[in-house]
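Step one of this worksheet: look at the structure below.
The values are calculated or read from the model by the stated rules, or taken from the named source; none is laboratory data. Because the structure is predicted, anything quoted here is derived from the model rather than measured. Virtual Cβ from ideal backbone geometry, glycine too; neighbours counted across all protein chains shown. Ligands, DNA and RNA are stripped out before the accessible areas are found, and what is left, the full protein with its side chains, is counted by its heavy atoms. Shrake-Rupley method; radii C 1.70, N 1.55, O 1.52, S 1.80 Å.
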Amino acid sequence: LFLFIFALLPLLMAVVINLPLVLDRVDAFYRQAFLQNLRADFSDLDQHLASRRASARLLARLPEPSLLFGDSTEEQQALVESERKRYTEWINRILQDAKDITQIRFLDGEGDDRFWLSREVGTDSWIATPDTPEPLRQELRQAVQKGVFKDVTFSAIRVDLQATDPRRTLTLQMMAPVEAKEALGGAVVMTIDIGGLVRRDSNTLWVLDDGSYLQLPDMPQRAGLAFEDFPGLEQNFANRQIVLWEQHDRRVIWVPMFLTEPGAPLWVGREVNTAPLRYFRSEMVERVL
């Protein structure tokens, strides 16, 4: 009996010391792999924005006519109006399938609107609307006035929960400087609807920094607050870093994926399926024993 205990004791010590460490490492690898998969789900957004960046550069190289000809005289104004109609037809041809681009604005060197196009509701055709667009975001206007940007730049995401048009609930603005040598200066601003990301996967949770769920007009409404559904999440959000929320057998990874206009992040959460991990842990313990 003494020899048996003498031989068994080092083995038990090795198991007690090493097995928890191995299981913790496996758990960490599992979380890291799940987080990478979550980030990979949004990689197509980078590719999509890269294509929209190319569209913005194209419009900056071929801006609307008044930036090229000016419109100070009546003769110039008549020429510009005629050219703008042809220009609108050209926009309809090259951006016909880019349904997520909802508005195009052309600015002068002071950041004021000279010409703008919006998609017509129902037909999705580009038209010059008589309604003046909403004021340009201040940081973009200042960038145009100071001429501090040389490439395509992005704004923070605007969340407008009061918008009746679903395309305007979650938008991003992209701005490119006019590059034509004979132009009078200015920039091209495109408004892009990124609400398709929210509609794409019902298993992904979108939460504002105050704990309210992001509600799109054309999606089923989610009741309650995330802070109530996930106790302790409010304290985790305060750090504004990647959060792993755990309670009982539930795990949810939260990532501050985007920055909104007020400066607060827009959180993306997805529940981790722990069943494979639990099976692996129990199987590993049995095999080691």
_Net charge over other residues, Cβ less than 14 angstrom from the Cβ of Asp100 (K, R count +1; D, E count -1)_ = +3
*Got a sec to turn the phi values of segment 23-37 into Karplus ³J(HN,Hα) couplings, 6.51 cos²θ - 1.76 cosθ + 1.60 with θ = phi - 60°, whole Hz, x for Gly and Pro?*
5, 5, 5, 4, 4, 5, 5, 5, 4, 5, 5, 5, 5, 5, 5
_Run lengths n ≥ 4 of DSSP H only: what is the helix-derived mean residue ellipticity at 222 nm for the chain, with -39500 (n - 2.57) per run over all residues, to the nearest 500?_
-13500 deg cm²/dmol
*Computed over segment 90-219, Cα set: Rg, Dmax in Å*: 16.0, 51
*So how do Arg61, Arg168 rank on accessible area, 1.4 Å probe, biggest first, that is with the largest at the start?*
Arg61, Arg168
*Using all C-alpha to C-alpha distances in segment 80-156, build P(r) with 5 Å bins and read off the rounded percent in each one.*
3, 13, 23, 21, 19, 16, 4, 0
*Sorted by mean Cβ packing within 10 Å, highest first, what order do the peptides 117-125, 241-249 take?*
117-125, 241-249
*Determine, for each peptide in 185-195, 273-283, 80-90, 98-108, the mean count of other beta carbons within 10 angstrom over its residues, then list the peptides with the highest first.*
185-195, 98-108, 80-90, 273-283
*Kindly report the accessible area of segment 161-289 per residue (heavy atoms of protein chains, probe 1.4 Å, no ligands, DNA or RNA), in Å².*
52 Å²
*Determine Rg/Rh for segment 7-119; Rg is computed over alpha-carbon atoms and Rh is the Kirkwood hydrodynamic estimate from the same atoms.*
1.52
*Of Thr274, Val255, Trp206, farthest towards positive along the dipole that unit charges on Lys, Arg, Asp, Glu beta carbons give the chain*: Thr274
*Rounded to the nearest 20 debye, dipole of segment 36-135 from Cβ charges on Lys, Arg, Asp, Glu*: 500 debye
*Listed candidates [x] 116; [y] 171; [z] 180 - label of the one calculated as volume of the Cα convex hull per residue in Å³*: [y]
*asked:* Leaving out ligands, DNA and RNA, and with a 1.4 Å probe, what % of the accessible surface on the chain is carbon or sulfur?
replied: 54 percent
